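Reviewing the structure listed below.
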Amino acid sequence: GRETVNLPGGAFSLLVAAPRPIAIQILAGLGGGRNADARLVSVAHALHARSLHVPPRARRSKAEIRVLPGEGACLALLSCNGALVATRMFSMAGDDDASAVRLAVLSLSTHAQEELGLTAIDGVVLHMGESAEALARECEGGYGLPTQLAPRLSADPESASLALAHLGTQLPRGDLALFAELRPPPGLRQTFPVKAAAVLLAVIGGAGFAL
């Protein structure tokens, strides 16, 4: 999937991909009928969308990094103007959680400045709950960015499933859809404006009758 994101440094193409064999298998399993318009979206996008509804809410004018913990893997999400522009997956399985978070944040911060033209990151939000206050202070001292704590939102499968469910109720058509290139091009039946043609014929018929 491809999406254009406007950043201070210019317009960038945001690319999201999934292993093609897995995507083909999922699409084949969905079949037709009501599932014909099903979309495959990024879990990272779903979790980011969910995180924006967890206080403190992001202001669309700022660039920030949100950190989501997880048992298997953690996610650091860089957003600008409310749009997710880069992610880093990392682990907190070791003995030094603060170092793991600092490295993920510094990696995204460097990428933002050197590759995306973002002059500064306005802050970091750790979705780890109030119990992580000491960790937040230690992390803030390491990367030097204002850090806030937010209610816990993990990157674990259960949390990801809930985030995808929420995203499914609000995802507008045209957003990143990873099935798009796997489906055959639409035929005449899908592209021909049937309703508009019917109205036009009715108008022409009415005009002919009047004459």
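The values are calculated or read from the model by the stated rules, or taken from the named source; none is laboratory data. These figures come from a predicted structure and were not determined experimentally. Methodologically, a virtual Cβ is constructed for each residue, glycine included, from the backbone with ideal geometry; neighbour enumeration extends over all protein chains shown. Areas reflect the complete protein model, heavy atoms only, side chains present, ligands, DNA and RNA absent. Shrake-Rupley method; radii C 1.70, N 1.55, O 1.52, S 1.80 Å.
Any chance the stretch 108-119 includes a residue that's under 30 Å from Ala11 (Cβ atoms) and touching a Lys or Arg at 6+ places or on another chain (Cβ under 9 Å)? Yes - at least one qualifying residue is present in the stretch 108-119. Taken over the stretch 142-157, residues that are of a type in the set (Gly, Ala, Ser) and out of contact with any strand residue (DSSP E or B) (no Cβ under 9 Å at 6 or more places or on another chain) amount to 2.
Residue pairs whose Cβ atoms lie under 6 Å apart, separated by 6 or more positions or on different chains, with the first residue in the stretch 54-76 and under 13 Å from Met128 (Cβ atoms) and of a type in the set (Gly, Ala, Ser) and the second part of a strand (DSSP E or B) and modelled with pLDDT of 80 or more, are Ala76/Ile65; Ala76/Val67; Ala76/Arg88.
Residue count for the stretch 80-89 satisfying the condition of being within 17 Å of Ser154 (Cα to Cα) and either open to solvent by 60 Å² or more (accessible area, probe 1.4 Å) or among the small types (Gly, Ala, Ser) (or both): 2.
Between Glu64, Glu71, the distinction of being among the charged types (D, E, K, R), modelled with pLDDT of 65 or more and in contact with a strand residue (DSSP E or B) (Cβ under 9 Å, 6 or more places away or on another chain) belongs to Glu64 only. The set of residues in the stretch 90-120 that are touching a residue at least 60 places away in the same chain (Cβ under 8 Å), in contact with a strand residue (DSSP E or B) (Cβ under 8 Å, 6 or more places away or on another chain) and open to solvent by 30 Å² or more (accessible area, probe 1.4 Å) contains only Gly117.
Between a residue in the stretch 125-140 that is on the phi > 0 side of the Ramachandran plot and touching a residue at least 12 places away in the same chain (Cβ under 8 Å) and any residue that is open to solvent by 10 Å² or more (accessible area, probe 1.4 Å) and of a type outside the set (Gly, Ala, Ser), which pairs come within a Cβ distance under 8 Å, given they are 6 or more apart or on different chains? Matching pairs, first to second residue: Gly129/Leu149; Gly129/Pro151; Gly129/Arg152.
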